[in-house]
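Take a look at the following structure, please.
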């Protein structure tokens, strides 16, 4: 049975009064991830918003061991911890590398690629808030086309975002998934699945950011759900090469009632500089990715 | 919360503590108020719905009927208002005297 609100565990591993911004989706992501891991995990975190949430010495707001690593070394550091645990015979712990989009797709890419190639026993999680939010919203390679950041202030970003899960998939690792804080049950189930697999596992999580995306703090969950409902973010999992849409994306593919991407981006002020032509390009890209995902799902069903 | 500086420890490591960033309830300009007449869990007196608990980014809403919000640390983001299916939570303006009344001395660890 799929996990829902009422059968989610009650035990919490994140403490209130942490340093994250009001309405930060990383809080929702971490809460449900740590529940799925039963707190039996070692987190490796580079410079990122999650480091800020974890807190400053001598206090921490998470009740799991966290090791702060250098920006490009997240996956390497996690591989080392996994190797050490193997030597000690500790197979009850999951090593989780949790990095932002910059720490995964830009600076941490070589580390991740190396770990995936060695098939290190690491669960790499990328929470994608689509820019370097922690340092004040600088453009990253996962920032979408047309989004205004402090380093693309005039016309917004001129390039599309990388297809990160596809890059990671090319390493032929056992498990890849995407998840959204708008659907915590789906996120929880995927983390549980990943926990039971050994080898490199990768998860890409969409993480709406109120100050960076410039929307009201109350809309965090609505924004995460809209990203999925419009197809701008697709929920799927790839288990041993078999691609399957999951949760809300599967329901959308069956009913074919996806909303236009305009509904998702008009609520975010960072797209205030977007012209109609760019919006059409963005919609086209979303449609194309969606068509490919649905076709692959049907072919591998 | 207990001691935050374990001086007997030999290594420099952080310890879990509620209120790591201080009383984050001070960040609030609007406070969430649950209407027990509208809240399904409060009306039925049992654990149902719980959307506010599940989606709270700061883990300040309890999994109880009715749900209780820890005003000491609630940052007032309003996610609970938005996710509530029966519109039982509303944001009301924060008053300085309410903050003073709800602030407990012993609850914070950065004394």
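Output the number of residues of the stretch B:63-73 satisfying the condition of being touching a helix residue (DSSP H, G or I) at 6+ places or on another chain (Cβ under 7 Å) and surrounded by fewer than 23 Cβ atoms within 10 Å (Cβ to Cβ).
Summing the residues that are touching a helix residue (DSSP H, G or I) at 6+ places or on another chain (Cβ under 7 Å) and surrounded by fewer than 23 Cβ atoms within 10 Å (Cβ to Cβ) in the stretch B:63-73 gives 5.
Please work out if residue A:247 is surrounded by fewer than 20 Cβ atoms within 10 Å (Cβ to Cβ), modelled with pLDDT under 95 and more than 30 Å from residue B:29 (Cβ to Cβ).
Details: surrounded by fewer than 20 Cβ atoms within 10 Å (Cβ to Cβ): no; modelled with pLDDT under 95: yes; more than 30 Å from residue B:29 (Cβ to Cβ): yes.
Taking the combined requirement at face value, the residue does not satisfy it.
Something else about it: Among the residues of the stretch B:23-30, is any in contact (Cβ under 8 Å) with a residue 40 or more places away in the chain, assigned to a strand (DSSP E or B) and facing chain A (nearest Cβ under 10 Å)?
Scanning the stretch B:23-30 turns up at least one residue that is in contact (Cβ under 8 Å) with a residue 40 or more places away in the chain, assigned to a strand (DSSP E or B) and facing chain A (nearest Cβ under 10 Å).
Kindly establish whether residue A:20 is under 30 Å from residue B:61 (Cβ atoms) and surrounded by fewer than 18 Cβ atoms within 10 Å (Cβ to Cβ).
Against the criterion (under 30 Å from residue B:61 (Cβ atoms) and surrounded by fewer than 18 Cβ atoms within 10 Å (Cβ to Cβ)), residue A:20 does not qualify.
Regarding the stretch B:42-52, can at least one residue be identified that is closer than 19 Å to residue B:24 by Cβ and either modelled with pLDDT under 95 or in contact with a strand residue (DSSP E or B) (Cβ under 6 Å, 6 or more places away or on another chain) (or both)?
Checking the stretch B:42-52: at least one residue is closer than 19 Å to residue B:24 by Cβ and either modelled with pLDDT under 95 or in contact with a strand residue (DSSP E or B) (Cβ under 6 Å, 6 or more places away or on another chain) (or both).
The conditions are (1) within 22 Å of residue A:105 (Cα to Cα); (2) within 14 Å of chain B (Cβ to nearest Cβ); (3) within 16 Å of the chain's Cα centre (by Cα), and residue A:234 fails exactly one of them. Which is it?
Every listed condition holds for residue A:234 apart from (2).
Here's a follow-up. I need a count of the residues in the stretch A:266-286 that are closer than 12 Å to residue A:231 by Cα and either buried (at least 16 other Cβ atoms within 10 Å of the Cβ) or at pLDDT below 95 (or both).
4
Scan the stretch A:269-289 for residues that are more than 15 Å from residue A:155 (Cα to Cα) and under 22 Å from the mean Cα position of the chain (by Cα) and jot them down.
Scanning the stretch A:269-289 gives A:283, A:285, A:286, A:287, A:288, A:289.
How many of the residues making up the stretch B:46-94 are more than 10 Å from chain A (Cβ to nearest Cβ), closer than 15 Å to residue B:29 by Cβ and not in a loop (DSSP other than H, G, I, E, B)?
Going through the stretch B:46-94 one residue at a time, the tally reaches 3.
May I pose another question? Do you know which of the residues in the stretch A:205-244 that are out of contact with any helix residue (DSSP H, G or I) (no Cβ under 7 Å at 6 or more places or on another chain) and farther than 25 Å from residue A:131 by Cβ is surrounded by the most Cβ atoms within 10 Å (Cβ to Cβ)?
A:239
The values are calculated or read from the model by the stated rules, or taken from the named source; none is laboratory data. On a predicted model such as this, the values are computed, not experimentally measured, just so you know. In this analysis, Cβ positions are derived from the backbone assuming ideal geometry, glycine residues included, and neighbour counts consider all displayed protein chains.
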